[in-house]
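Below is one structure, written out as structure tokens, with a few remarks after it.
Nothing in this text is a laboratory measurement; each read-out follows from the coordinates by a stated rule. Since the structure is predicted, the reported quantities are computational estimates derived from the model, not experimental observations. All Cβ positions, even for glycine, are placed from backbone atoms using ideal geometry, and neighbour counts span all protein chains on display.
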Amino acid sequence: MAQQTLRPALLERLPSRVVGLLREIGALGDERGCHVYVVGGVVRDLLLGHVTLDLDLAVEGDGIAFARAVADRYRTGLAVFERFATARLVFPDGLKMDIATTRREFYAEPALLPTVQPAAIEEDLYRRDFTINAIAMQLNPGQFGRLLDVYGGQRDLRARRICVLHAGSFQDDPTRIFRAIRFEQRFKFRLEPGTLRLLTQAASTNLIQQLSGPRLQNEILVLFAERDPARAIARLAKLKLLRFLHGRLRYTMDVKRVVLAVPKAFAWWGSRSPDAVIDRPLVYLMALLSESSPAVIAAISKRLACSREQATKLSAGGKRLDRILKKLTAKGTLRPSQVYRLLVDLPDEALVLLVATQVSCQQAAQLSQLKRYLMAYEKNRAIATVLKGRDLQAMGLKPGPQYGAILGKLLDARIDGAVASEAEERAFVQKRIGALGDC
């Protein structure tokens, strides 16, 4: 039995500008003779006492035509996805909103994207992943705030449990396995016993292997973008889901310690470089791969259809960092230029991982030394030489590979403080040109 209660005060928890916009969109629904609902995450979160602006609207009628009407009225950006009867709007103030036709879905084969057909709101809610995400609130005037809970989502929210809507849910869409883990860990809910049984059965098959690389990557990185990804990673390991990244990937105690150390590494890095842009989910993936070989990391990059930038960052991690870390934490002191050469080719994500790896070892003296080197490197990587290749040519050096060698040594001298002016750079270079002439 559907629960239908009028709770406009629930939507009033949203920012006033958003509430006003939703009321106006509801009125536009009346003008166009269609029922308009806000559905999914925003309703769930409001019922949990949280405010999010994950605005998904469902329209009983032509959702794309309605989205175009909204876009015209508010002069928004508009992207239309005809196959899924969905449109995405971006308002001038940056607010994003998805508007879709209420629909039913058919899966020709497991793990493939569905075929959709228009349907009533009740069927639209039934196609969703979990009962807690299958709650709608109507926006039309006179019905503004009417809560439509057909499948017991409020009951499951109160019971703090994750429950699928039907037995074939995970077979239809294996990405729901990752979403179940995400919501379980985010809200500290539990998987309802029947849902856990269905998830475990689906996880024991190769359904996830049938997912495309981009879809699998999206679910993994969204999961790792949660506030506490370590809990989710442990859950993936317990359910034996890491094998879908690579058959040789293991969640050992050492890897676990690195993953658990990532928040401290982020905190330290943020205190030193508050404006730095770090791909946080990718750092957690790199931490998970911290004991993996280059071959395994390359295979995982390929499986996830990583971009060139993502693949480059991932390849900087794993066992390749061991050699660098050993040199940075060994007894004795490295020159600033030696530290620079060790780190210059590493992305910032790998530098954060270096800190996490050392934090996990709980060696205070070595961690302190690593941090000193990293702080010095941050300062020194902005240093540049005054002289360039054209200057070397003007000084009589013929073009060739020696340009790079001399300029590299000159930069090292700058970083180490051996030269401090253009005149000193010229003397440094002239001496090396002379040495070449003597050869």
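What the table below lists for this structure:
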quantity	calculated
Relative contact order of segment 231-303, pairs being alpha-carbon contacts under 8 Å that are 6 or more residues apart, as %	41 percent
R0 of 30 Å, Cβ-Cβ distance LEU10-ARG160: FRET efficiency to nearest 0.05	0.95
Under-5 Å amide H pairs with LEU55, H placed in peptide plane, nonlocal only	ASP98
Cα-based helix-to-principal-axis angle, 16-31 vs the chain, degrees rounded to 10	50 degrees
With Cα atoms, 0 to 90° folded angle of helix 422-438 axis to the chain main axis	60 degrees
Size of electric dipole in the chain: Cβ of Lys, Arg +1 and of Asp, Glu -1, about Cα centre, debye, nearest 20	1880 debye
Mean residue ellipticity (222 nm) of the chain, computed from DSSP H runs ≥ 4 via -39,500 (n - 2.57), nearest 500	-16000 deg cm²/dmol
Orientation-averaged projected area, Cα convex hull of segment 3-159 (nm²)	9.1 nm²
Efficiency of FRET from Cβ geometry, VAL344 and ARG323, R₀ 22 Å, rounded to 0.05	0.90
Relative contact order computed over segment 338-439 (Cα-Cα under 8 Å; 6+ residues apart), in percent	24 percent
Calculated over the chain: convex hull of Cα atoms, volume per residue (Å³)	196 Å³
Taking all pairs of distinct alpha-carbon atoms in segment 253-380, Kirkwood radius in angstrom	14.7 Å
Estimated inter-spin distance, ARG248 and ALA276, nm [label 7 Å along Cα→Cβ]	3.0 nm
Segment 169-244: translational diffusion in µm²/s, Stokes-Einstein, Kirkwood Rh over Cα pairs, 4 °C, 1.567 mPa s	105 µm²/s
Taking the chain and dividing mean pair separation by its residue count, relative contact order in percent (alpha carbons under 8 Å, at least six apart)	10 percent
Normalised per residue, the volume of the convex hull around the Cα set of segment 389-438 (Å³)	68 Å³
Label-point separation, ARG73 to VAL222 (7 Å along Cα→Cβ), nm	2.8 nm
GLY61 long-range amide H proximity, modeled H, under 5 Å	THR102
Potential extension, ARG303-ARG426 segment - 0.36 nm per residue separation minus Cα distance	39.2 nm
Between 0 and 90°, nearest 10: helix 348-361 axis offset from the chain longest Cα axis	90 degrees
Where the Cα pairs of segment 186-317 fall when distances are cut into 10 Å bins, in %	11, 41, 35, 11, 1
